[in-house]
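Here the structure is laid out as structure tokens; the discussion comes afterwards.
The values are calculated or read from the model by the stated rules, or taken from the named source; none is laboratory data. Computed from a predicted structure; not experimentally measured. FYI the Cβ positions are ideal-geometry reconstructions off the backbone, even for glycines, and counts take in every protein chain you see.
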């Protein structure tokens, strides 16, 4: 009995969770001028249906594939740096038992209390001041943004 009720509740919650994604996919199939407050929740009609032309335009004209490549480079490099630095820090904190390691452990635990938005605001400001968030497609601007993301994602930030 309870299993069936729990299954129904979880099914409803999963549908609520997926609904915004389905709505975005449906709206991506509409032509550009058909987005109004009253038509956002409607299915595309024959007049508003764009087919896959929006996706073709995004891939060919908007540089989607190069942006995807830049995102992959930044993500893979940042995750590798996060794994390396956090593993070394964890090893040090568990093996070395002195006042410095206890203080560092307290700082890391305390940083989990601070919200991500507070960390991201100060990190963005610091990246601006150090010119690390240069916008562009050159290799130097991509590699300049790599140190910013491990700092924002690790618990020690």
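Going by what's in this entry, would residue 43 be described as out of contact with any helix residue (DSSP H, G or I) (no Cβ under 6 Å at 6 or more places or on another chain) and without any contact (Cβ under 8 Å) to a residue 12 or more places away in the chain?
Details: out of contact with any helix residue (DSSP H, G or I) (no Cβ under 6 Å at 6 or more places or on another chain): yes; without any contact (Cβ under 8 Å) to a residue 12 or more places away in the chain: no.
Against the criterion (out of contact with any helix residue (DSSP H, G or I) (no Cβ under 6 Å at 6 or more places or on another chain) and without any contact (Cβ under 8 Å) to a residue 12 or more places away in the chain), residue 43 does not qualify.
Right, residue 43: in a loop (DSSP other than H, G, I, E, B) and out of contact with any strand residue (DSSP E or B) (no Cβ under 6 Å at 6 or more places or on another chain) or not?
yes
Consider segment 13-40. How many of its residues are closer than 22 Å to residue 57 by Cβ and in a helix (DSSP H, G or I)?
Adding up the residues that qualify gives 11.
Given (1) touching a residue at least 60 places away in the same chain (Cβ under 8 Å); (2) in a loop (DSSP other than H, G, I, E, B), identify the lone condition not met by residue 77.
Unmet for residue 77, out of (1) touching a residue at least 60 places away in the same chain (Cβ under 8 Å); (2) in a loop (DSSP other than H, G, I, E, B): (2).
Out of 121, 103, report the one residue that is at pLDDT 65 or above, in a helix (DSSP H, G or I) and within 28 Å of residue 71 (Cβ to Cβ).
Being at pLDDT 65 or above, in a helix (DSSP H, G or I) and within 28 Å of residue 71 (Cβ to Cβ) holds for just one of 121, 103, which is 121.
Residue under question is residue 36, and the condition is that it be out of contact with any helix residue (DSSP H, G or I) (no Cβ under 7 Å at 6 or more places or on another chain) and loosely packed, with under 10 Cβ neighbours inside 10 Å; does it hold? Quick ask: steps written out before the conclusion?
Values: out of contact with any helix residue (DSSP H, G or I) (no Cβ under 7 Å at 6 or more places or on another chain): yes; loosely packed, with under 10 Cβ neighbours inside 10 Å: yes.
It is true that residue 36 is out of contact with any helix residue (DSSP H, G or I) (no Cβ under 7 Å at 6 or more places or on another chain) and loosely packed, with under 10 Cβ neighbours inside 10 Å.
Scan 130, 83, 93 and give me the residue that is more than 30 Å from residue 64 (Cβ to Cβ) and either surrounded by 11 or more Cβ atoms within 10 Å (Cβ to Cβ) or modelled with pLDDT under 85 (or both).
93
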